Amino acid sequence: MTTDGRVLDEVRQGMIPAHIYNDRKIFEKEKATIFSRAWLFVAHESEIPSPGDYVVRRVLEDSFIITRDSKGEIRAMFNMCLHRGMQVCRAEMGNASNFRCPYHGWSYRNDGRIIGLPFHSDAYGGEAGFRKKGQTLLPAPNLASYNGMIFINMDPDAESLEDYLGDFTFYLDYYTKQSADGLEVRGPQRWRVKANWKIGAENFAGDMYHTPQTHTSVVEIGLFREPKAEKRKDGATYWAGKGGGTTYKLPDGSFDERMRYVGYTDEMIERAKATWTDQQQQVIGEDGFMISAASVFPNLSFVHNWPKVEDGDDVLPFISIRMWQPISENETEVLSWFAVDASAPEEYKKNSYKAYLMCFGSTGMFEQDDVENWVSLTNTAAGSMARRLTLNSRMGLLEDGAPVVPQLTGDEFHGPGFAQVGYNEHNQRELLSLWADYLEKPPLTTSSTAVGTDNPEGIRPLAQTNGHCASHTNGTVTV
Ligand code: FES
Ligand SMILES: [Fe+2]
């Protein structure tokens, strides 16, 4: 079966053919239509604070060097040498004024320009043979950032990042801008799970329903005050622009009291008040909802939770950013960053990091619980029986499409988009509807950049010689 119209129509109605979670043809289509057109998170600016800092990140199979060049400008360069195509930078992160290819020694400045080409005049006759001037490592087709989060888009004509994110930026600020100083991040931890990339993205977008069951043990040991069944269903889900997430309902109180309830210090609360808009503060202070997990289409997620780190009732919040980097239809590389407000007190940063490690990250307790499910789901979706099963992802809707629980009004929920209290799969449906829309887009047409010449059309065919090799080419020369 392929992603024919029927599959996409079903998905748009909240009916999910089970094989989409482990299907090679669908994965190939996702690569060609989704990952070639959507804005994809690669790094946070705080990972490369100083000139020369870099990290190496992938978009599917493509490796990019994300640098802050010597002038302070952020760049993303395809990590492939312009000579014979070797991967230029082999380290995962560091600081360098230039990168030298290990194969034949071509070197590049940290803005991508070739600066060293061994034996340029002996081997190429200088500029007349190979135009070194103006040649750079291939830049990412499109690069933009929001609150320090750097995104790449493989489509040079893509809509702007802000247009793409749309109203989700309202919610993004809770995670990535808790003060004017923005975020700092640690990590990422990286690991691979034998699960399809969509499952984690869906789970973080809106699956409040799994918490009481999957994470029972975490509740039982008293690590987490909140995820009891009755608590979780009092929360609201929201969807706006390209993303959506879940919230917890907070006890009565003012904005300050509710921020304190989840563990923020008074000085952090003051800075948040100076940074967030009235509306952003109203969601917490008046409506009583605190953001929790979220996803942005296609493969970026966030967590905000507040476990107990020490004995006693005190909780401490942490933020995590994560990316579901697809490896294949049944394998995903997870990148997980700890994120914290850059101006938070050191003690807070230390304890918040502990809270993060305890819950998420490769050894986190929530992580262990979740992944077991996702691997199993992926395996089960591979066989022939899964092709006979269409899953019902219509939680929160009656058969005629009427909502089980009405949408929150603007007075009840001050954030943009669609918000609803209780268990539902609204956000999973939104995410998969976007998935269906992107799968219908035509594949991207790309152009290619010829190396070493300003005028590729002007290059003459290779001359015939009397040499041994040429005498066997029969007039056709390929390079
Ligand atoms: S492939 Fe990089 S210098 Fe030859
Ligand atoms: Fe979970």
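Any read-out appearing in this document is the output of simple, stated calculations on the displayed coordinates, not a laboratory observation. None of the values given here were measured: they were computed from a predicted structure. As a convention, Cβ positions derive from the backbone with ideal geometry for all residues, glycine included, and neighbour counts pool all protein chains shown.
Computed values, structure above
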| read-out | value |
| --- | --- |
| Prolate/oblate/rounded call for the range 262-419, Cα gyration tensor, a/c under 1.5 rounded | oblate |
| Positive-pole candidate from T33, Y164, V309, dipole of the chain, charges at beta carbon | T33 |
| Under the Karplus curve 6.51 cos²θ - 1.76 cosθ + 1.60, θ = phi - 60°, whole-Hz ³J(HN,Hα) for the range 267-272, x wherever Gly or Pro sits | 5, 5, 5, 4, 5, 5 |
| Cut-off under 5 Å, modelled amide H: who pairs with W106 long-range | C101 |
| C-alpha long axis of helix 24-33 to longest principal axis of the chain, angle in ° | 80 degrees |
| Trypsin sites (Lys or Arg not before Pro) restricted to DSSP loop in the range 116-222 with at most 10 other C-beta within 10 Å | K133 |
| Over 27 Å (Cα to Cα) - which of K233/K350; K273/K350; K177/K249 fall in this group | K233/K350 |
| Rounded to the nearest 20 debye, dipole of the chain from Cβ charges on Lys, Arg, Asp, Glu | 2060 debye |
| Sequence of C89, C101 once ranked by neighbouring C-beta atoms within 10 Å, starting from the fewest | C101, C89 |
| Charge-dipole axis of the chain as Lys and Arg at +1 and Asp and Glu at -1 on Cβ define it, positive-most pick from Y248, S362, L391 | S362 |
| Sequence-distant residues sharing a close amide H with F64 (under 5 Å, placed H) | R57, R58, V59, N79 |
| The range 143-200: GluC sites (Glu not before Pro) in DSSP loop, at most 15 other beta carbons within 10 Å | E159 |
| Degrees between helix 365-380 axis and first principal axis of the chain (Cα, 0 to 90, nearest 10) | 70 degrees |
| Taking E425, E367 and counting other C-beta atoms within 10 Å, the order from fewest to most | E367, E425 |
| Extension reserve of the E270-D314 stretch, reckoned as 0.36 nm per residue once the Cα distance is removed | 13.8 nm |
| Those trypsin sites (Lys or Arg not before Pro) in the range 48-107 that DSSP places in a loop and that have at most 11 other beta carbons within 10 Å | K71, R84 |
| Principal axis dimensions, largest first and in whole angstrom, of the chain by Cα | 87, 54, 38 |
| Which of Y423, I199, G182, positive extreme of dipole for the range 167-439 (C-beta unit charges) | I199 |
| Prolate/oblate/rounded label for the range 43-118 (Cα gyration tensor, a/c 1.5) | oblate |
| Proxy reagent accessibility, fewest Cβ within 10 Å first, across Y209, Y356, Y261, Y103 | Y103, Y261, Y209, Y356 |
| Estimated vicinal HN-Hα couplings, Hz - the range 352-358 in sequence order (Karplus 6.51, -1.76, 1.60; Gly, Pro = x) | 5, 4, 4, 4, 4, 4, 5 |
| Theoretical ellipticity at 222 nm over the chain - DSSP helices of four or more residues, -39500 (n - 2.57) apiece, nearest 500 | -7500 deg cm²/dmol |
| ³J(HN,Hα) computed for each position of the range 250-264 - Karplus, 6.51 cos²θ - 1.76 cosθ + 1.60, integer Hz, glycine/proline x | 9, x, 4, x, 7, 4, 4, 5, 6, 5, 5, 4, 8, x, 6 |
| Cβ charges +1 (Lys, Arg) and -1 (Asp, Glu), total dipole of the range 228-374, debye | 260 debye |
| Nearest-20 debye value, the range 167-439 charge dipole, Cβ charges on Lys, Arg, Asp, Glu | 940 debye |
| Sum of side-chain charges, G116 neighbourhood, beta-carbon under 12 Å (Lys, Arg +1; Asp, Glu -1) | +4 |
